[in-house]
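S.K.: Take a look at this one; I'll ask things after.
Readers should treat all values here as calculations from the given coordinates under stated rules, not as data from a laboratory. It should be emphasised that the depicted structure is a prediction, and the values quoted were computed from it without experimental measurement. Because the Cβ atoms are built from the backbone with ideal geometry, glycine has one as well, and the counts that use them run over all protein chains shown.
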Amino acid sequence: MANVPKIRKAVYQGPSIVKEIIYGIALGLAAGGLWKMHHWNNQRRTREFYDLLEKGEISVVAADE
Amino acid sequence: MIVLKWLFLTISPCDAAEPWQLGFQDAATPIMQGIIDLHHDIFFFLILILVFVLWILVRALWHFHYKENAIPQRIVHGTTIEILWTIFPSLILMFIAIPSFALLYSMDEVVVDPAITIKAIGHQWYWTYEYSDYNSSDEQSLTFDSYMIPEEDLELGQLRLLEVDNRVVVPAKTHLRIIVTSADVLHSWAVPSLGVKCDAVPGRLNQISILVQREGVYYGQCSEICGTNHAFMPIVVEAVSRKDYGSWVSNQLIPQTGEA
């Protein structure tokens with residue numbers, strides 16, 4: 001039984017602080033990105049609202065009955 | 001286009017407080033829109049920091065639980081990480097400060113030549129509004145008091161503690177100057193959807209400039225404790241087209257000129 005590779009017991013080395021920080025920043029940026037998408041969507045809808053209002057296609061004044 | 005029309009026609013701008021409301025009322029002035037945008041900018045950093053800190057906290061609790069990690073480490077200091085966690089927050093603060101100062105200084109810009117000046121005078125417990133631009137003599141030609149409509153006198157659809165008998169009628173898309181003061185104690189003239197809050201101080205005139213971007217009815221409340229009925233002296237601003245504003249002013253002035 002020559003050249004049998006030595007089987008060593010796997011030992012957990014512990015967490016890598018750099019990796020955990022990178023994962024945290026990535027998750028934070030992802031969550032922040034979701035918020036930014038919500039913000040940009042709001043801005044787009046506001047801009048569209050005022051554009052339509054300016055063109056006269058919608059009105060905020062109730063029609064007289 | 002039909003879908004767009006349907007989407008927007010079913011939206012009613014939120015210009016008064018709503019039950020269980022979480023966010024801002026819809027902006028009706030560029031200042032309020034700027035405030036909302038700044039809030040969104042800062043909230044991005046808030047979420048970034050919150051998620052990052054929660055992640056590190058949860059992972060630390062997970063990895064260093066006493067059953068997994070019986071012997072705690074004794075780390076006294078780490079120069080690199082201490083430099084990093086000083087520089088990064090400073091950068092974040094700088095990114096927050098830039099839009100914040102931009103908005104602050106733009107809010108302080110005084111419109112040199114507003115079309116209309118309105119005085120708002122706080123009393124215990126009502127507001128008086130003066131439109132002195134239309135004086136033909138030394139007498140105040142357009143002045144009225146604005147009292148809250150009591151609950152028992154409300155009509156269906158009116159808002160409790162927010163409606164008044166005489167609203168502040170202003171023209172939309174016009175530069176306005178509001179001069180706020182008080183005849184007795186401290187009050188504060190505040191309308192959230194216009195992004196306005198201005199203290200009414202006896203013996204002092206405070207000035208604000210606003211430009212209401214769309215027609216509508218905007219509600220606010222006195223925002224400085226002024227006695228027992230502090231919660232019962234609301235503010236209602238009604239922005240109308242310039243034509244309707246002209247008609248309103250004429251109608252208000254006619255009784256006075258008729259008597260003279």
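S.K.: List residues of segment B:194-233, by number, whose backbone nitrogen lies under 16 Å from a label position 7 Å along Cα→C-beta of B:Arg160.
M.R.: B:231-233
S.K.: For segment B:116-253, what is the charge dipole size about the Cα centre, in debye to the nearest 20, if Lys and Arg each add +1 at the Cβ and Asp and Glu each add -1 at the Cβ?
M.R.: Roughly 680 debye, rounded to the nearest 20.
S.K.: Okay, moving on. Modelled label-to-label distance, A:Asn42 and B:Gln21, 7 Å Cα→beta-carbon offset: nm?
M.R.: Going from the A:Asn42 label point to the B:Gln21 one covers 1.3 nm.
S.K.: Still on this model: If you bin the C-alpha pair distances of segment B:116-253 every 5 Å from 0, what whole percents do you get?
M.R.: Taking every Cα pair in segment B:116-253, the percentages come to 2, 11, 20, 24, 21, 15, 7, 1, 0.
S.K.: At 222 nm, what value in deg cm²/dmol follows for chain B if DSSP H runs of at least 4 each add -39500 (n - 2.57) and the sum is divided by all its residues, to the nearest 500?
M.R.: Helix-only estimate at 222 nm: -12000 deg cm²/dmol.
S.K.: Take the eigenvalues of the Cα gyration tensor for the protein assembly as shown, scale each by 5, and report the square roots as semi-axes in whole Å, largest first.
M.R.: Listed largest to smallest, the semi-axes of the protein assembly as shown are 57, 23, 19 Å.
S.K.: Given charges of +1 on the Cβ of Lys and Arg and -1 on the Cβ of Asp and Glu, with all other atoms neutral, how large is the dipole of chain A about its Cα centre, in debye to the nearest 20?
M.R.: That gives a dipole near 1140 debye.
S.K.: Per-residue mean of other chain beta-carbon atoms within 10 angstrom of the beta-carbon, peptide A:28-36?
M.R.: That average works out to 6.
S.K.: Next question, about the same structure. Per the Debye formula with a single identical scatterer at each Cα and no solvent contribution, what log10 I(q)/I(0) holds for chain A at q = 0.18, 0.21, 0.23 Å⁻¹?
M.R.: Ignoring solvent entirely, the Cα scatterers give -0.86, -0.94, -0.99.
S.K.: Right, here's the next one. What does the extension gain come out to for B:Lys173 and B:Glu151, with contour length at 0.36 nm per residue minus their alpha carbon separation?
M.R.: Gain on stretching B:Lys173 to B:Glu151: 4.6 nm.
S.K.: Which distance in Å, rounded to a whole number, links the C-alpha centroids of chain A and segment B:212-243?
M.R.: Centre-to-centre distance over Cα atoms comes out at 38 Å.
S.K.: Let me ask something else. In chain A, if the dipole is taken from +1 on Lys/Arg beta carbons and -1 on Asp/Glu beta carbons about the Cα centre, which of A:Ala31, A:Val11, A:Val61 is farthest to the positive end?
M.R.: The residue sitting most towards the positive pole is A:Val11.
S.K.: Label-point separation (nm) for B:Gln207 and B:Leu50, each offset 7 Å from Cα along Cα-to-Cβ?
M.R.: About 4.1 nm, to one decimal.
S.K.: From the backbone phi of segment A:15-25, what are the Karplus-calculated ³J(HN,Hα) couplings (6.51 cos²θ - 1.76 cosθ + 1.60, θ = phi - 60°) in whole Hz, Gly and Pro given as x?
M.R.: With coefficients 6.51, -1.76 and 1.60, one gets x, 9, 4, 5, 5, 5, 5, 5, 4, x, 5 Hz.
S.K.: Which of rounded, prolate, oblate describes segment B:33-136, given a ≥ b ≥ c as roots of the alpha-carbon gyration tensor eigenvalues and a/c under 1.5 marking rounded, otherwise prolate only if a/b is larger than b/c?
M.R.: Since a/c reaches 1.5 and a/b is larger than b/c, the shape of segment B:33-136 is classed as prolate.
S.K.: Given charges of +1 on the Cβ of Lys and Arg and -1 on the Cβ of Asp and Glu, with all other atoms neutral, how large is the dipole of the protein assembly as shown about its Cα centre, in debye to the nearest 20?
M.R.: Computed about the Cα centre, the dipole is about 2900 debye.
S.K.: Which lysines, if any, have their Cα less than 30 Å from the Cα of A:Lys9, not counting same-chain residues under 8 positions apart?
M.R.: Within the straight-line cut-off, A:Lys9 pairs with A:Lys19, B:Lys67.
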